[in-house]
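The values are calculated or read from the model by the stated rules, or taken from the named source; none is laboratory data. Since we're looking at a predicted model, the values are computed, not measured. Note that each Cβ is placed from the backbone with ideal geometry, even for glycine, and that neighbours are counted across all protein chains shown.
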Amino acid sequence: MEFQFRVEEIGEKDKTEISEFFKNAWGSDKVVSRGKLHSYKNLEGFFVKENRKLIGIANYQIENGEMELVSLYCLIKKRGIGTALVEKVIGKAKQKNCKRLLAIVTNDNLKAMRFYQKLGFEICALHKNAVEESRKLKSKIPLTGADKILIKHEIEFELKF
């Protein structure tokens, strides 16, 4: 049987639930990207639920004609949820006439690097030692991540329109 789901846009009524979701999943309702501390309550985006439980979330922010995909999180992998969420974000970026969509990935997150490149994103910048600065804003960022790789750098991916 095919896995079916519906992507919905985050509304004001959903933001508290999403904030709580990230507190439980990552120990914080805040995320750091490009030297900025973001609260999930202030971010727009899309989500997927299964049996009224959040299983996928994509958050974005628009600034200076560019959209940043600030976070993408899926509890269930390899079912197309992440791709569907990013496709919705791409559609919103085009609708808002953004020049580009960017996504920041830490150097340990090899799966995310592969994922974004498969969707047509290209590496456009390496921000060396950026995570050191991010830890000043959010001290809970771990020292190591996937495959016990030291988390040090931010890699910027972009999709131009």
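Scanning the range 97-111 for residues that are under 19 Å from residue 160 (Cβ atoms) and either touching a strand residue (DSSP E or B) at 6+ places or on another chain (Cβ under 8 Å) or at pLDDT below 95 (or both) yields a count of 8. If the condition is being at positive phi and out of contact with any His (no Cβ under 8 Å at 6 or more places or on another chain), then the range 120-153 contributes 120, 147, 148. In the condition set (1) touching a Gly at 6+ places or on another chain (Cβ under 9 Å); (2) more than 23 Å from residue 153 (Cβ to Cβ); (3) surrounded by 20 or more Cβ atoms within 10 Å (Cβ to Cβ); (4) not hydroxyl-bearing (Ser, Thr, Tyr), residue 75 is compliant with all but (3).
Checking each residue in the range 31-47 for being more than 19 Å from residue 142 (Cα to Cα), outside any strand (DSSP E or B) and under 13 Å from the mean Cα position of the chain (by Cα) picks out 40, 43.
In this structure, does residue 105 turn out to be farther than 26 Å from residue 5 by Cβ, surrounded by 13 or more Cβ atoms within 10 Å (Cβ to Cβ), in contact (Cβ under 8 Å) with a residue 12 or more places away in the chain and out of contact with any Pro (no Cβ under 7 Å at 6 or more places or on another chain)? Judged against the criteria, residue 105 is not a match.
Restricting to the range 16-38, and then to whatever is farther than 17 Å from residue 102 by Cα and touching a Ser or Thr at 6+ places or on another chain (Cβ under 8 Å), can you tell me which residue is surrounded by the most Cβ atoms within 10 Å (Cβ to Cβ)?
Taking the range 16-38 as the starting set, the residues that turn out to be farther than 17 Å from residue 102 by Cα are 16-30.
Next, only the ones that are touching a Ser or Thr at 6+ places or on another chain (Cβ under 8 Å) stay: 19, 22, 29-30.
Working: 19: 18, 22: 21, 29: 19, 30: 18.
Selected residue: 22.
Just to check your reading of the model, which residue among 72, 110, 119, 150 is of a type in the set (A, V, I, L, M, F, W, C) and under 16 Å from residue 33 (Cα atoms)?
The unique qualifying residue is 72.
Kindly check whether there is at least one residue in the range 60-69 that is crowded, with 19+ Cβ neighbours inside 10 Å and assigned to a helix (DSSP H, G or I). No, the range 60-69 contains no residue that is crowded, with 19+ Cβ neighbours inside 10 Å and assigned to a helix (DSSP H, G or I).
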